[in-house]
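Have a look at the structure below, then the notes.
Read-outs: derived from the displayed coordinates by stated rules, not from any lab. Bear in mind the structure is a predicted one, so any value in this text is a computation, not a measurement. Cβ coordinates were reconstructed from backbone atoms using ideal geometry, including for glycine residues, and neighbour counts include every protein chain displayed.
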Amino acid sequence: MTVSNIKKTVNSLAEDSNKENFQNIVDETAEKNSIFIFITDYSGNVLYGVNEYRNLYDGSKNKEEKKYNLNSPHFSNSNATSSSMMGWEIGAVKKLLSSNAEKISQFVNSEAEYMGYSLGNGSSYIYGQKITNINLSGKIIEKGILYIHTSLDAGNMTTRILQVQLLWVSALSLILASIFSYFISHKFEKPVYNILKQAEKISKGKFPKEFEKGFCTELDELSDTLKEMAFSLEKLEKLRRELLAGISHDLRTPLTMIRGYSEMIREISWNDEERRNQDLTIIIHETDRLTALVNEILEYSSMQSVARNLTMDKADISSIVKNVLRIFETFYAGHGYIIKKTIEPDLWIRGNEKYIERVIQNFMDNAVNHTGNNRKIDIYLRKIENNIRFEVKDYGQGIKEEEIADIWDRYYTSRNMKNNISGLGLSIAREILTSHNAHFGVESDGTGSLFWFELESVD
């Protein structure tokens with residue numbers, strides 16, 4: 001029986017306490033719920049005990065023998081004091097009242113209407129409530145206390161056990177969590193500190209080669225990311241220095257020549273018309289070369305921000321190649337260049353016509369500057385399965401195998417070009433082709449180099 005049900009039972013009995021059959025109601029309630037009920041006055045004298053009493057505590061099956069009330073031999077002294085009642089030999093009542101006399105006395109003398117507490121190890125519970133107008137065998141008792149004693153049900157006991165277990169589990173969990181937190185913080189402190197120090201080095205332009213690993217997957221991934229970033233930044237810094245060095249060299253050369261020939265005109269050839277014209281021609285040529293260099297640098301700088309957001313339309317690449325070749329043939333035909341071309345008609349791609357034309361021009365410029373003494377250049381445009389492939393082949397010295405991977409880097413080729421112009425053409429081409437999701441590359445042997453790219457064909 002639960003504690004809440006005990007209280008309801010007592011309240012129900014209190015409402016029926018003045019009825020003539022109250023004793024029967026008490027007996028029936030005790031039998032129905034398998035509980036022990038007894039009534040005392042405020043002095044602790046037992047006024048009535050249920051007829052289920054002996055059945056519950058001494059195992060008797062005789063109902064007449066179970067009848068205990070004021071007329072029972074065990075209660076012959078209706079004026080028994082609390083102390084004398086504490087000497088009962090009947091186990092249950094003795095346990096209830098003798099061990100809790102002080103609590104009962106405090107309850108009687110207080111203004112409280114009820115009391116309740118667990119007994120022993122918590123397996124049983126006693127509940128007392130003050131009631132008035134108690135009808136016992138036709139005699140009305142103005143004031144008394146009705147007690148119920150019962151074993152708590154398994155649910156309540158299980159709850160208490162679980163509460164105790166939960167308390168122990170919580171305490172143990174707290175201890176383990178503290179130990180684990182200390183261990184984890186100690187284990188991660190050093191690796192995280194090392195990563196922070198390495199990140200600081202990167203921010204200062206120093207690029208560590210190795211990053212601490214082996215403590216957890218997430219931090220290993222962070223170390224790998226920092227390592228890749230350091231490698232990329234180091235490479236970027238190297239290219240920046242090479243670019244600045246190359247640009248400085250190529251700017252210095254035409255500027256030096258412009259200044260030198262200007263002084264020659266002023267001091268030597270001013271009055272010599274033929275010599276003066278030759279010097280002025282060189283100045284104009286170097287000025288044009290300087291302008292072309294600056295334009296390529298500016299174009300490359302803008303290309304890095306523009307190339308990723310190009311407008312793509314359906315474009316006739318056959319016509320684009322023919323237009324570029326028409327310009328090259330017009331300009332280079334008189335310089336002994338032989339351009340062999342194989343161009344399939346009506347080939348279409350999806351891309352930006354202006355920038356695809358720029359790639360073709362740069363490939364052609366590269367071939368012109370690197371072809372051999374025979375000045376031969378081959379051009380191919382054809383469809384291969386679902387792609388359109390463009391090729392430019394020169395017959396120069398070719399590219400060393402160890403240098404092929406770097407051929408697309410900024411300013412790499414400037415030192416090997418015939419006309420000593422900027423080496424940004426292939427870098428610009430790479431940016432454009434990358435923005436078009438194109439496949440591209442270079443093949444080289446002892447008979448020259450072949451640059452190519454492929455774009456998806458569209459109908």
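Amide H contacts for G144 (H built 1.01 Å from N in the peptide plane; partners 5 or more residues away or on another chain; cut-off under 5 Å): I131.
Among W408, W168, a tally of other beta-carbon atoms within 10 Å of each Cβ gives an order, fewest to most, of W168, W408. Using the alpha-carbon centroid of each, what span in Å lies between the stretch 343-383 and the stretch 255-287? When both Cα centres are located, 37 Å separates them.
Ordering S319, F390, W348 by the projection of their Cα atoms onto the charge dipole of the stretch 310-456, which places +1 on the Cβ of Lys and Arg and -1 on the Cβ of Asp and Glu, puts S319 at the extreme positive end.
Note on N33 and L166: with the Förster distance fixed at 25 Å, the Cβ-Cβ geometry gives a FRET efficiency of about 0.25. Distance between the 7 Å Cα→Cβ label points at A177 and S12: 4.4 nm. Taking 7 Å steps out from each Cα toward its Cβ at E267 and E200 produces label points 5.7 nm apart. Residues Y42, Y261, ranked from the fewest to the most other C-beta atoms within 10 Å, line up as Y42, Y261.
Rounded to the nearest 5, the antiparallel percentage of DSSP beta bridges internal to the stretch 310-456 is 80%. Normalised Debye scattering of the stretch 310-456 at q = 0.13, 0.14, 0.16 Å⁻¹ gives log10 I(q)/I(0) of -0.54, -0.64, -0.84, counting only Cα atoms as equal scatterers and leaving out solvent.
Residues S269, S105, S4, ranked from the fewest to the most other C-beta atoms within 10 Å, line up as S4, S105, S269. Between amide H atoms placed 1.01 Å from N, distances below 5 Å from K376 occur with I338, Y395, all of them 5 or more places distant or on a separate chain.
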